[in-house]
Amino acid sequence: MSTGTPIAPAPSPIDYSPAAQEFRAEVRDWLAANAPDEMRGVQVPREPAPELAAALARWADTLAEAGYMCVAWPREYGGRGLSGVEVAIMNEEFARADVPRLTRGMGEGLVGPAIIAHATEEQKARFLPPIISGEHDYCQGFSEPEAGSDLAGLRTRGVLDGDHLVINGQKVWTSGFFKANMIFTLVRTNPDAAKHRGISYVLVPITVDGEPNGIEFRPITRMTGLAHFSETFFTDTRAPLDNVIGGLDNGWRVAMTTLGSERGGRATTQHLGFMRQFWRLVREVRERGLIDDVRVREQLAWAYSQVEVLRYTGLQLVAELAAGRSGAGLGNGSTTKIRWSEYERRLAEIAMDLLGPDALVVGPGYELDHWQEELLVTRSHTIWGGTAEVQRNIVAERVLGLPKDPAVAPARAAGGER
Amino acid sequence: MSLAVTAEQQELRATVRRWLADSAPMARVRELMATPTAFDPALWRGLAELGVLDLAVPEQYGGAGYGVQELAHVFDECGAALLPGPLLATLGLALPLLLATDDERARARHLPGIADGSTVATVAWLAPGAGWDSAGRSMGVTGGKLSGSASTVLDGMSADLVLAVAGTGDSAVVVAVDPTAPGVTRTAQPTLDQTRPLAQLHFDDVPCTPVGTGAHLLERALDTAGVLLAAEMVGGAQACLDMSVAYAKVRQQFGRPIGSFQAVKHKCAEVLVELEGARAAAAYAAWAAAENPAELPVVAPLAKAVAGEAYFRAAADNVQIHGGIGFTWEHDAHLYFKRAKTSLMLFGDTGAHRRTLADRIGL
Ligand SMILES: Cc1cc2nc3c(=O)[nH]c(=O)nc-3n(C[C@H](O)[C@H](O)[C@H](O)COP(=O)(O)OP(=O)(O)OC[C@H]3O[C@@H](n4cnc5c(N)ncnc54)[C@H](O)[C@@H]3O)c2cc1C
């Protein structure tokens, strides 16, 4: 299987099984043979220039062809059936080779798992392969003007017309609308049912045979100045009933699906980007001659500690998973998200303070430098995918077992991305 | 050995927990608190019989040959129970200090007694009235005799063996002293945290045996002590969170459990997030102490600071969540609060640990 490159001479806090070590060698060998030079050292920017975007797309296709996309999906659906530990290993090896580990975004992380858990075999065959190949690029149409944290309050209607649903209504904050050709959305198909019961989960093509499908995106400019999300209007938009996942009126359960084996995943690599950013700040602080200031040193040491804690929590989780246990009680999506999102916010604030007057000035066309962009963008990380407050409710109620607020029904747990 | 908790370690924890519940319940902790030394020889013998005291002593000195990782589990449980007693002084400070020296004779002489429970040991290094960075400044050795004073000596009244650090930098010497020898005066220092007794020691030309040279020995011992203290603080923080959550579920106001108010539940959630981080840091630090000592100088102050902050928050919020009852002497919340704040400060407060960390990562 592998050429058996010797691995990990330093003491490792994780006992990997022989099979896991073999998998690591396999990924390492594949990367040594296949990672293109143009990808080395690439940190995927939020808005890649066209040339880089094209190179990234080529790399994504290479990964897909070699079976390195949607790797946590079961093999029978075109995935690789990797465990959390194996996904972690794969991420570590990509980081070690210094090439980006690309995914198919929301299609891979949200839509695929929902399809795998709830769709018919025919639907799986129809919708999963185009996610892997990149042919289908999804955006998420969940939030509405009147339904954010309380997502189940959504009003967009889906009305049965023969073997089709006809959709009318408005969504908002649709990230990545500009590159998507599919939208996964929640619509109310039964207005008489209880709030969480009358919702359906539908995969809607944005165009049909090259013709518009009644979906209009009106870009919304974010506080960074870029129009990366939109208002989304459905006007008599048609979707075959075959595109409803999990059956009519069953969409809430489908929307709440997350992939169990995602646990582990980025646990041992998520700190890498933060660590890179930390040393970048150290460099800038040094250049400004501030490194000997006691207050600055304490703040930097705080930041370093937070990043290390992210690393330790990840190692601890993967060590437990590798030992064949569930890692129960070791943190979950919510506590992890609270930890990194609040760290990032604070780091950007500190960095701005340390950089002083220069940090007040932007480039032409409102061009932001790294820390200015961080300062702004990180404000959204405690909003999307369940706000920080909603995450705290989830932690308190589901992990600690505290009683629900009698006036509040279950809020959204998982959601989209930037 | 990996970071994953082994079945053996789980067993160890369960055994210690049972023993604590039987032998040192909170009522017993409170009795001991009220005595000047807060030391119960019977409990110490109990820990010896349990196999806790010899756990991290190498086999050739009569120990079980395990290490900091196992000990950290014990400290975690004892921290949750607020066990008074010279665990930190003996196993957290004196043992690593002896192990840090190359003095084979001193080890052969003292470690078997630590392992079998017959020796309570501690370390004296701080100058009276000075800060955490005053190591060795108030003591000196001339002609094989120790003179000077040290304060803030953990369990100084109950110790059978004192390792004193005299002098600073490369000329610092670590000496072993018998605290019952003529010329030693011990004075108990009443403590804010009554479960953690301290003493001031005065030495007047006291015969002593050198066991090592150089300030780095104490530094290494303090790193190990910080790791174990971090584990102890994680145990304490978990106990506080458990109390908060239990109370928030049953205490009713405005016709509903207070735990249904977000101001209360979000506090609990935040404590959990911090505690999770602290637990990972303490576990990683214990792993590094045992398996990758090169990392210890960085992870020790890091874990100590992270755990200190998590514990303090857990303990402070626990008082707040209990309302008036949480401010009483009768309720246990204040015991944890006092342990939390003073543990956070022990060996240096959060800022001091961060400054150390900044130096050690090369900023
Ligand atoms: C950058 C970005 C990208 C996004 N991308 C997408 C996307 O692609 N597709 C999509 O469908 N959506 C997307 N969203 C929307 C996102 O999911 C919602 O913004 C989010 O769920 C919050 O909803 P809201 O904005 O309506 O705020 P609200 O729900 O109105 O919340 C406002 C404030 O009230 C608080 N609050 C609300 N309910 C509670 C409660 N029960 N307890 C305590 N506090 C509460 C919130 O925490 C928040 O502070 C995106 C958002 C952002 C910022």
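Data table
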quantity	calculated
B:Asp178-A:Asp353 FRET efficiency (beta carbon distance; Förster radius 51 Å; 0.05 resolution)	0.40
Accessible-area composition of the protein assembly as shown, carbon plus sulfur, in percent [1.4 Å probe]	53 percent
Intensity falloff of the protein assembly as shown expressed as log10 I(q)/I(0), Debye formula with alpha-carbon point scatterers, at q = 0.05 Å⁻¹	-0.31
Listed residues B:Ala290, B:Ala64, B:Gly308: farthest to the positive end of the dipole of chain B (Cβ charges)	B:Gly308
B versus A: buried accessible surface, summed, Å² (probe 1.4 Å, to nearest 100)	3900 Å²
Choice from A:Pro113, A:Pro357, A:Pro145 with maximal GNM fluctuation in chain A (Cα, 10 Å cutoff)	A:Pro357
Hz values of 3J(HN,Hα) by residue in segment B:214-223 - Karplus curve (6.51, -1.76, 1.60), Gly and Pro given as x	x, 5, 5, 5, 5, 4, 5, 5, 5, 4
Extension gain from A:Glu22 to A:Ala194, taking 0.36 nm per residue of separation minus the Cα-Cα distance	56.8 nm
Gaussian network model of chain B, Cα within-10 Å springs - most flexible of B:Gly235, B:Gly148, B:Gly85	B:Gly148
For segment A:137-254: rounded, prolate or oblate by the Cα gyration tensor [a/c cutoff 1.5]	oblate
Estimated FRET transfer efficiency when R0 is 45 angstrom, pair A:Glu51-A:Glu287 (beta carbons, to 0.05)	0.90
Debye, to nearest 20: dipole size of the protein assembly as shown, +1 on Lys, Arg Cβ, -1 on Asp, Glu Cβ	1420 debye
0 to 90° range, to nearest 10: angle between helix A:50-65 axis and chain A longest Cα axis	80 degrees
Between segment A:335-376 and segment B:172-228, the Cα center-to-center distance that results, in Å	47 Å
Estimated FRET transfer efficiency when R0 is 25 angstrom, pair B:Ala294-A:Met275 (beta carbons, to 0.05)	0.90
For segment B:35-97 and segment A:54-94, distance of Cα centres in Å	48 Å
Debye, to nearest 20: dipole size of chain B, +1 on Lys, Arg Cβ, -1 on Asp, Glu Cβ	1060 debye
Extreme residue, positive dipole direction of chain B, given options B:Ala121, B:Ala230, B:Ala108 (C-beta unit charges)	B:Ala230
Euclidean distance of C-alpha centroids, segment A:144-160 and segment B:1-25, integer Å	50 Å
Neighbourhood charge, 12 Å Cβ-Cβ cut-off, centred on A:Tyr366 and excluding it, Lys, Arg +1 and Asp, Glu -1	-2
Mean projected area (nm²) of the alpha-carbon convex hull when segment B:7-116 is viewed from all directions	6.7 nm²
Extension reserve of the A:Ser12-A:Leu360 stretch, reckoned as 0.36 nm per residue once the Cα distance is removed	120.9 nm
Per-q log10 I(q)/I(0), chain A, q = 0.10, 0.13 Å⁻¹ (Debye; single scatterer per alpha-carbon; no solvent)	-0.77, -1.32
Amide proton proximity set for B:Gln189, modelled H, under 5 Å, gap of 5+	B:Leu198, B:Ala199, B:Gln200
Most mobile of A:Arg311, A:Arg96, A:Arg80 in a GNM of chain A (Cα contacts under 10 Å)	A:Arg96
Selected from A:Tyr366, A:Met90, A:Gln299, residue furthest toward positive end of dipole (chain A; charges at beta carbon)	A:Gln299
Residues along segment B:256-275 losing 10 Å² or more of accessible surface when the other protein chains are present rather than the chain by itself (probe 1.4 Å)	B:Arg256, B:Pro257, B:Gly259, B:Ser260, B:Gln262, B:Lys265, B:His266, B:Cys268, B:Ala269, B:Glu270, B:Leu272, B:Val273
Only Lys, Arg (+1) and Asp, Glu (-1) charged, at Cβ; chain A dipole about Cα centre in debye	920 debye
For segment A:1-113: accessible area per residue (Å², 1.4 Å)	47 Å²
Net charge, B:Arg256 excluded, C-beta distance under 13 Å - Lys, Arg +1, Asp, Glu -1	+3
Degrees, to the nearest 10: A:333-355 long Cα axis against longest axis of chain A	50 degrees
With 10 Å bins from 0: P(r) over segment A:229-362, alpha-carbon pairs, percent	9, 27, 22, 20, 15, 6, 1
Label-point separation in nm, A:Asp405 to B:Thr191, each point 7 Å along Cα→Cβ	4.3 nm
Within-12-Å neighbourhood charge of A:Ala64 [Cβ basis; K, R +1; D, E -1]	-1
Inter-label distance, nm, simple model (7 Å from Cα along the C-beta direction), A:His370/A:Arg75	4.3 nm
Between helix B:333-345 and chain B: long-axis angle, C-alpha atoms, 0 to 90°, nearest 10	40 degrees
Separation of the A:Arg379 and B:Ala108 label points, Cα + 7 Å toward Cβ, nm	7.0 nm
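The values are calculated or read from the model by the stated rules, or taken from the named source; none is laboratory data. Quick caveat: nothing in here was measured; it's all calculated off a predicted structure. In this analysis, Cβ positions are derived from the backbone assuming ideal geometry, glycine residues included, and neighbour counts consider all displayed protein chains. Accessible surface is based on the protein model in full, side chains and every heavy atom, while ligands, DNA and RNA are left aside. Shrake-Rupley method; radii C 1.70, N 1.55, O 1.52, S 1.80 Å.
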